[in-house]
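Since the structure comes first, as structure tokens, the remarks are kept for the end.
The values are calculated or read from the model by the stated rules, or taken from the named source; none is laboratory data. Here the structure is a predicted model, which is why all the values come from computation and not from measurement. Cβ sites come from the backbone with ideal geometry, for glycine too, and all protein chains shown count toward neighbours.
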Amino acid sequence: MGEAFNQKSAFSSRKSDPLQEALKVRRLKSLLRTPEGFQFLYRNDPAKFVRNCILWGPGEGPTPYQEAFLQQMVKSKRGAIRGPHGLGKTALSSWIILWFALTRDGQDWKVVTTAGAWRQLVRFTWPEVHKWARRLRWDVIGRPPMDNRTELLSTSINLKTGNAFAVASDQPALIEGAHASHLLYLFDEAKSIPASTWDAVEGAFASEGECYAVAMSTPGEPSGRFYDIHARRPGYEDWSVHHVSVEDAVRSKRVSAEWVEQRKRQWGERSALYQNRVLGNFASGLGDGIMALTWVEASNARWQEITDAGKEMKITHFGVDVADQGDDDTVIAVRCGKVVKEIRRHHGLDTMETTGIVAGLLKANPGSVAVVDVIGIGAGVVARLREQGLEVEPFNASERTDVTDRSGEMGFLNQRSAGWWCLRELLDPSNSENISLPPDDYLTGDLTAPRSKTSSTGKIQIESKDEIRKRIGRSTDAGDAVMMAFAADAMMADVGVSFI
């Protein structure tokens, strides 16, 4: 008994020795700061990784909904998150990529990133990975920062036993060909990723290895695989689904209340644009309008690609929607063939000032044509431009026209209806003459606002500008300027709107 007592006393003595305890704590901390200790702590806890392994400033940190998504993602291995523009999806995707790569290195691993458009990966997803890699606490991770020449490249991470990389979403064979014991598939802007790409990932889940799939996006049309997952369609019950409300995003200070209110006034609370980008709901972009939101977004993507390529473009037309000195702007759409290069806005101009601006543009771009709204004070602008011998085409919205739709069967009540329908045809992805438009929130709202009906004479009739103003509370100045920039071709066509 005495011996046992003495052993117990000795143990108690060692346990209470402050020096020994301090050494134990120091050794434990040292062990946890090795790559092995880091992986032991964070392998199954990405939320803790984000909190502890990123250098945060005062008041910074992940939002509650980001942490909740990370925690649930580990449990289900499949996570999908949707919500308003600005909720922090790209940051979230970069955290997940870095967490998976650093906690699996030393084993056989891969991260495959894809998106609805290649530009999303090279301009947003992967630059965000670089941004957050610079803020990692490498002392906690237990290794030096990744080398920008050999490890952290523009669209890839190459570590000791695995790599993360970008793949275009229209190449499902490359996605299906990714093999590793530990796999992560990340779908950014997932709403427009084709079904074949989603299907290519399913094979990885059939294997015995560890596999994650993460999808995030602002929602769009109520169709496609991303929608099916959020709608809890049969077969998708194994996905954990998160809908971040605009109230949560505002409360977390990722979205401002002022922005929400301004977008409500700008787009209308019932519009698909507001439902998709502000409320994070799936909503049809066509509805009772003449153009789908997805058509406009596709034209924006084409514009981004052309702009990124840096090609020289010759200005061919200026669409000029003339305003008086009231609340509306004078808007000029600068067109280069099939591309609207930019939207220029001027407020409070009188007739002479507007004439001077348009004249200057025409003189600086020989061979170009200005299409000017001739109703109201626009008539004075047209007259003065003609006096200077400049190329100007008057556009009279209420004037009759013989232009027909693409089928040649339907006519239009007036030039405004024909012009807007022409624009619709040029944005419709089922046609081959798609145009490219700049990403401009007001222009997007304008293009998705007009409605159509069949007149008593059996012709297509588009809402007047005054009717739209009464319904949405503002004028579609930018949309009308773009419409007129392309309308000149339609007005000169013998039949139909296939004119570019």
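What to note about this one:
- Beta carbons closer than 7 Å, at least 6 apart along the sequence or on distinct chains, pair a first residue in the stretch 339-355 that is in a helix (DSSP H, G or I) with a second that is surrounded by fewer than 19 Cβ atoms within 10 Å (Cβ to Cβ) for THR351/ILE377; THR351/GLY380; THR355/ARG384.
- PRO439 falls short on exactly one of the conditions (1) part of a strand (DSSP E or B); (2) surrounded by fewer than 17 Cβ atoms within 10 Å (Cβ to Cβ); (3) at pLDDT 90 or above, and that condition is (1).
- Residue in the stretch 71-80 that is within 18 Å of SER240 (Cα to Cα), of a type in the set (Lys, Arg) and not in a helix (DSSP H, G or I) present: yes
- Odd one out for VAL371, checked against (1) of a type in the set (A, V, I, L, M); (2) more than 21 Å from LEU426 (Cα to Cα); (3) in a strand (DSSP E or B): (2)
- With respect to being part of a loop (DSSP other than H, G, I, E, B) and either under 13 Å from THR355 (Cα atoms) or modelled with pLDDT of 90 or more (or both), GLY376 falls outside the description.
- Criterion violated by VAL111 - all others in (1) within 30 Å of ALA298 (Cβ to Cβ); (2) part of a helix (DSSP H, G or I) satisfied: (2)
- Residue within the stretch 209-221 that is in a loop (DSSP other than H, G, I, E, B) and at pLDDT 95 or above present: no
- When VAL140, VAL129, VAL111 are screened for being of a type in the set (Val, Ile, Thr) and within 30 Å of LEU273 (Cα to Cα), only VAL129 passes.
- Count of the stretch 114-137 residues which are modelled with pLDDT under 95 and either closer than 17 Å to PHE49 by Cα or in a loop (DSSP other than H, G, I, E, B) (or both): 2
- Residue check for PRO234: surrounded by fewer than 21 Cβ atoms within 10 Å (Cβ to Cβ), touching a Phe, Trp or Tyr at 6+ places or on another chain (Cβ under 9 Å) and modelled with pLDDT under 95: no
- Criterion (among the aromatic types (Phe, Trp, Tyr), in contact with a strand residue (DSSP E or B) (Cβ under 9 Å, 6 or more places away or on another chain) and either in a helix (DSSP H, G or I) or crowded, with 22+ Cβ neighbours inside 10 Å (or both)) met by exactly one of PHE100, PHE165: PHE100
- Scanning the stretch 149-156 for any residue that is in the same structural domain as CYS53 (by TED's automatic domain parsing), in a helix (DSSP H, G or I), over 15 Å from PHE49 (Cα atoms) and under 25 Å from the mean Cα position of the chain (by Cα) turns up nothing.
- Here LYS253, LYS314 are screened, and the one residue that is assigned to a loop (DSSP other than H, G, I, E, B), touching a strand residue (DSSP E or B) at 6+ places or on another chain (Cβ under 8 Å) and not aromatic (Phe, Trp, Tyr) is LYS314.
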